[in-house]
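*Asks:* I'd like to ask you about the structure that follows.
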Amino acid sequence: MVDWKLAVATATRLVRPGPEVGRDEARAVVAELRTHARASEEHVRAFTGMTPGEGTADTPILVVDRPGWIRANVAGFRTVLGPLLDKMQGRRSGVPGGAVLGAVGGKVTGVELGMLLSFLASRVLGQYETFAPVTRELPGSANGGGRLLLVAPNIVHVERELDVAPHDFRLWVCLHEETHRTQFTAVPWLRDHLESEVRAFLAETEVDPATLLERLREAVQSWAGGRTGEQQGEGEGRSLVELVQTPAQREILARLTAVMSLLEGHADYVMDGVGPQVVPTVAEIREKFQKRRASGAGRLDVALRKLLGLDAKLRQYRDGERFVRAVVDEVGMDGFNRVWTSPNTLPTKAEIAKPAEWVARVHGKPGA
């Protein structure tokens with residue numbers, strides 16, 4: 001169904017080259033990022049009061065280039081999408097000529113995935129890989145936990161573009177990514193919960209080609225302005241990804257959106273909370289980075305972000321940070337940390353927008 005090797009080859013061939021960095025400077029950047037990542041562990045734990053559980057201390061920190069990030073994410077996609085692709089392959093095997101169609105379709109999908117990854121590979125600064133298969137090239141924690149990726153050329157590119165202090169910016173990025181690692185290593189049920197939600201989402205995917213093509217046609221019409229009057233409304237403003245979903249998937253996506261908003265907002269809140277103590281220029285970095293995050297690199301970049309639903313990611317940072325800040329202001333960090341008690345104490349999408357409702361439900365008292 002997907003030619004994974006072709007996806008890697010396509011993305012690696014198309015990805016933009018990183019900034020010009022000499023060999024000695026590159027080594028220094030890698031060493032400094034590793035040092036900052038290790039230092040961030042204690043900063044994040046002290047600020048959040050979250051302590052990783054047993055068997056999680058070996059979660060590796062990998063400083064990678066853009067092709068390395070591509071290979072890691074293709075490996076993750078193979079793991080997460082495996083059940084869905086097996087189902088689609090089984091459906092296709094009973095169709096005359098299905099094997100030939102599968103071979104051709106796998107190469108087409110591989111190229112398309114490679115093109116998407118080449119676009120993303122020059123933009124991601126860091127990533128905690130939750131569903132990371134362990135390989136010789138890409139080690140993971142012994143208990144099947146994840147790994148922390150820091151994309152060195154992208155970090156250097158952005159710090160130069162923003163004209164900020166490299167030492168401060170690198171530590172600031174590490175604080176954000178280390179918060180994600182702490183979330184998953186300190187909350188043992190979180191990974192399994194997210195995986196079950198993703199599996200449920202994929203299980204609802206339409207595998208009938210006619211149905212999928214009809215949804216895709218409607219999505220393209222909406223984006224092209226083909227809908228008018230009453231045809232607009234619910235689908236208006238949605239990304240292409242959202243428009244091809246089933247109603248059941250939208251319910252699951254609402255829950256996933258709430259969780260991801262929490263995780264991203266919490267990471268932003270923590271890195272800004274720790275920042276003033278250890279990052280002297282944190283205010284300048286935050287101001288410049290927010291402007292860059294909101295504007296994108298250009299008109300094409302903005303259009304692609306909207307089409308692919310990446311704008312939703314930006315809203316997650318903003319809305320999630322507001323939720324965390326409001327809750328901590330009301331009930332303190334210990335009170336906020338009750339969010340990690342179980343899946344039942346995670347905020348809903350509505351509660352992300354109205355933190356007082358989460359405070360009332362979980363703490364049994366009106367919020368601010």
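*Asks:* Return the residues of segment 254-279 that are within 15 Å of the chain's Cα centre (by Cα) and of a type in the set (G, A, S); say none if nothing qualifies.
*Replies:* Once the filter is applied, which keeps residues that are within 15 Å of the chain's Cα centre (by Cα) and of a type in the set (G, A, S), segment 254-279 yields A258, S261, G265, A267.
*Asks:* For residues that are surrounded by 13 or more Cβ atoms within 10 Å (Cβ to Cβ), assigned to a helix (DSSP H, G or I) and of a type outside the set (D, E), tally how many sit in segment 20-56.
*Replies:* Qualifying residue count for the region: 16.
*Asks:* Right, here's the next one. Considering segment 325-336 alone, what residues qualify as being closer than 16 Å to M50 by Cα and surrounded by 14 or more Cβ atoms within 10 Å (Cβ to Cβ)?
*Replies:* V328, M333, G335, F336
*Asks:* Scan segment 337-368 for residues that are of a type in the set (A, V, I, L, M, F, W, C) and either in contact with a His (Cβ under 7 Å, 6 or more places away or on another chain) or surrounded by 14 or more Cβ atoms within 10 Å (Cβ to Cβ) (or both) and jot them down.
*Replies:* Once the filter is applied, which keeps residues that are of a type in the set (A, V, I, L, M, F, W, C) and either in contact with a His (Cβ under 7 Å, 6 or more places away or on another chain) or surrounded by 14 or more Cβ atoms within 10 Å (Cβ to Cβ) (or both), segment 337-368 yields V339, W340, L346, I352, A353, A356, W358, V359, A360, V362.
*Asks:* Scan segment 128-148 and give yes if some residue there is assigned to a helix (DSSP H, G or I) and at pLDDT 85 or above, otherwise no.
*Replies:* no
*Asks:* Now for a separate question. Does segment 74-89 hold any residues that are in contact with a helix residue (DSSP H, G or I) (Cβ under 8 Å, 6 or more places away or on another chain) and modelled with pLDDT of 80 or more, and which are they?
*Replies:* V74, F77, R78
*Asks:* On the given criteria, is E195 surrounded by 19 or more Cβ atoms within 10 Å (Cβ to Cβ), modelled with pLDDT of 85 or more and within 30 Å of G146 (Cα to Cα)?
*Replies:* no
*Asks:* May I ask you to say which residue of H180, H176 is assigned to a helix (DSSP H, G or I), surrounded by 18 or more Cβ atoms within 10 Å (Cβ to Cβ) and touching a Phe, Trp or Tyr at 6+ places or on another chain (Cβ under 7 Å)?
*Replies:* Residue meeting the stated conditions: H180.
*Asks:* Still on this structure, I have one more. Please find, among F169, F184, the residue that is modelled with pLDDT of 80 or more, aromatic (F, W, Y) and more than 30 Å from E25 (Cβ to Cβ).
*Replies:* Testing whether each residue is modelled with pLDDT of 80 or more, aromatic (F, W, Y) and more than 30 Å from E25 (Cβ to Cβ) leaves just F184.
*Asks:* Looking at (1) crowded, with 20+ Cβ neighbours inside 10 Å; (2) assigned to a loop (DSSP other than H, G, I, E, B), which one does P17 not meet, given that it meets all the others?
*Replies:* P17 satisfies every listed condition except (1).
*Asks:* Also, I was wondering about something else. Regarding G332, is this residue modelled with pLDDT of 95 or more and on the phi > 0 side of the Ramachandran plot?
*Replies:* yes
*Asks:* Looking for whichever is at pLDDT below 95, farther than 18 Å from H266 by Cα, more than 18 Å from the chain's Cα centre (by Cα) and assigned to a helix (DSSP H, G or I) here; the options are A303, A350. Which one fits?
*Replies:* None of the others qualify; the one that does is A303.
*Asks:* What are the pairs, 6+ residues apart or on separate chains, where a residue within segment 182-204 that is acidic (D, E) has its Cβ under 6 Å from a residue that is outside any helix (DSSP H, G or I)?
*Replies:* E204/T246
*Asks:* Then there's this: Out of (1) surrounded by fewer than 13 Cβ atoms within 10 Å (Cβ to Cβ); (2) within 27 Å of H43 (Cβ to Cβ); (3) modelled with pLDDT under 60, the odd one out for E236 is which?
*Replies:* (2)
*Asks:* One residue is enough: does segment 242-253 have a residue meeting the conditions exposed (fewer than 15 other Cβ atoms within 10 Å of the Cβ), modelled with pLDDT of 80 or more and more than 21 Å from the chain's Cα centre (by Cα)?
*Replies:* Yes, because at least one residue in segment 242-253 is exposed (fewer than 15 other Cβ atoms within 10 Å of the Cβ), modelled with pLDDT of 80 or more and more than 21 Å from the chain's Cα centre (by Cα).
*Asks:* A further question on this structure: Between R71, R92, which is closer than 24 Å to V134 by Cβ, modelled with pLDDT under 95 and either charged (D, E, K, R) or not in a helix (DSSP H, G or I) (or both)?
*Replies:* R71
*Asks:* Another one. Does T10 count as part of a helix (DSSP H, G or I), among the polar types (S, T, N, Q), closer than 22 Å to R147 by Cα and out of contact with any strand residue (DSSP E or B) (no Cβ under 8 Å at 6 or more places or on another chain)?
*Replies:* No; evaluated as a whole, the condition is false for this residue.
The values are calculated or read from the model by the stated rules, or taken from the named source; none is laboratory data. Computed from a prediction, not measured in an experiment: that's the story for all the values here. Every residue, glycine as well, gets a Cβ built from its backbone with ideal geometry; the counts of neighbours run over all protein chains shown.
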